[in-house]
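Presented below is the structure to which this report refers.
The values are calculated or read from the model by the stated rules, or taken from the named source; none is laboratory data. Keep in mind that this is a model prediction, so the values were computed, not measured. Glycine also receives a Cβ, built like all others from the backbone with ideal geometry; neighbour counts cover every protein chain displayed. SASA here: full protein model, heavy atoms, side chains in, ligands and nucleic acids out. Shrake-Rupley method; radii C 1.70, N 1.55, O 1.52, S 1.80 Å.
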Amino acid sequence: MEQQEKEIIFRALQAKNAVPACPRCKGTGHDLVGYNLQPVYDSPRMTPEAPPSVPTVLMLCVTCGNLTQHVLSSIGVQV
Ligand SMILES: [Zn+2]
């Protein structure tokens, strides 16, 4: 993930008040570590087809390693 991408996404998260202290350790150091294609299933049963996915960004607490993700379209970011 390029530094410029990180800055755009971090600003988008700040605009949504979505960068609070870590819910686990209360640390305030965060890093955006990459993207995830989160699979989304319509049912709990396995299917032969790959499920659709939602693009997300992963935010890491640099103190305790707690990892959270945000759906990119919900924060107004297109990659
Ligand atoms: Zn933490």
If I go through the stretch 17-49 residue by residue, how many of them are open to solvent by less than 90 Å² (accessible area, probe 1.4 Å) and not hydroxyl-bearing (Ser, Thr, Tyr)? 17
Residue in the stretch 68-79 that is modelled with the lowest pLDDT, counting only those that are within 20 Å of residue 3 (Cβ to Cβ) and aliphatic (A, V, I, L, M): 79
Hits in the stretch 1-51 (condition: touching a Leu at 6+ places or on another chain (Cβ under 8 Å) and polar (S, T, N, Q)): 36
For the stretch 6-16, check the following and say yes or no: at least one residue is part of a loop (DSSP other than H, G, I, E, B), within 14 Å of the chain's Cα centre (by Cα) and on the phi < 0 side of the Ramachandran plot. yes
Can you name the residue in the stretch 14-48 that is within 19 Å of residue 73 (Cα to Cα) and among the hydroxyl-bearing types (Ser, Thr, Tyr) and, of all such residues, is nearest to the ligand (Cβ to nearest atom)? 35
Could you list, in sequence order, the residues of the stretch 30-66 that are small (Gly, Ala, Ser) and either outside any loop (DSSP other than H, G, I, E, B) or closer than 25 Å to residue 1 by Cα (or both)? 34, 53, 65
